[in-house]
Amino acid sequence: DTIRLLTNYNACLFNMANLYLRNGDEEKADEFIAKLKSFPHDNPAGYRMLIALSEMKRDWQAAVDYTDSAMTIEPDNQDHYIRKAEYYRRLGSYEDVESVVEKMTAAFPNNAEVADAARILNRQVAAARAEPAPETAEAGANGGASPGGDGGQ
């Protein structure tokens, strides 16, 4: 009964944080997120709630951290690996994406969903690395002149 009550309470905290985030009140949402984080989370559902809220806030580093915690409880959950790699991609941490993809494909060698996710993630990382850095793109748009430079005069 205690676990059920705690799960229900956590769900209420999640729903309130979700409601406030959707209405643009991140400060109030953070109050409920702090309460949600204060409970012991030996149940992966609590981490899933925190991960979902981090996604809503686009706080990819928090999503990585909560996913790491969830992985200690559910090490055989392929979704944790896929999501963690995606969060690293959003952070621009491409070496970390590759590391997670490598671990994921080793942990789930015959899993078609994992293989598909690995292909997609690897393709996204390759495309991101092929794009010119913002300063390189800007220099090209300015005819090679550096920002604030003389424009080749």
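The values are calculated or read from the model by the stated rules, or taken from the named source; none is laboratory data. These numbers come from a predicted model, not from an experiment. Don't worry about glycine lacking a Cβ; one is built from the backbone with ideal geometry, like all the others, and counts go over all protein chains shown.
A few comments on the model shown:
- Close contacts from the stretch 75-104, counting a first residue that is part of a helix (DSSP H, G or I) and a second that is among the charged types (D, E, K, R), with Cβ to Cβ under 6 Å and a gap of 6+ residues or different chains, come to Tyr88/Asp96; Val97/Arg89; Val100/Lys84.
- Test: Ala52 is modelled with pLDDT of 90 or more, surrounded by 13 or more Cβ atoms within 10 Å (Cβ to Cβ), in contact with a Ser or Thr (Cβ under 9 Å, 6 or more places away or on another chain) and in a helix (DSSP H, G or I): no
- Inter-residue pairs, beta-carbon under 6 Å, first in the same structural domain as Leu53 (by TED's automatic domain parsing) and in the stretch 11-35, second assigned to a helix (DSSP H, G or I) and among the basic types (Lys, Arg), 6+ apart: Leu13/Lys35; Tyr20/Lys28
This table checks each residue for (1) over 30 Å from Glu131 (Cβ atoms); (2) of a type outside the set (A, V, I, L, M).
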| position | (1), (2) |
| --- | --- |
| Ala45 | yes, no |
| Met56 | no, no |
| Trp60 | no, yes |
| Lys103 | no, yes |
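- Out of Ala63, Ala45, sole residue that is modelled with pLDDT under 95 and not assigned by TED's automatic domain parsing to the domain that holds Ala118: Ala45
- Scanning the stretch 99-111 for residues that are acidic (Asp, Glu) and in contact with a helix residue (DSSP H, G or I) (Cβ under 7 Å, 6 or more places away or on another chain) turns up nothing.
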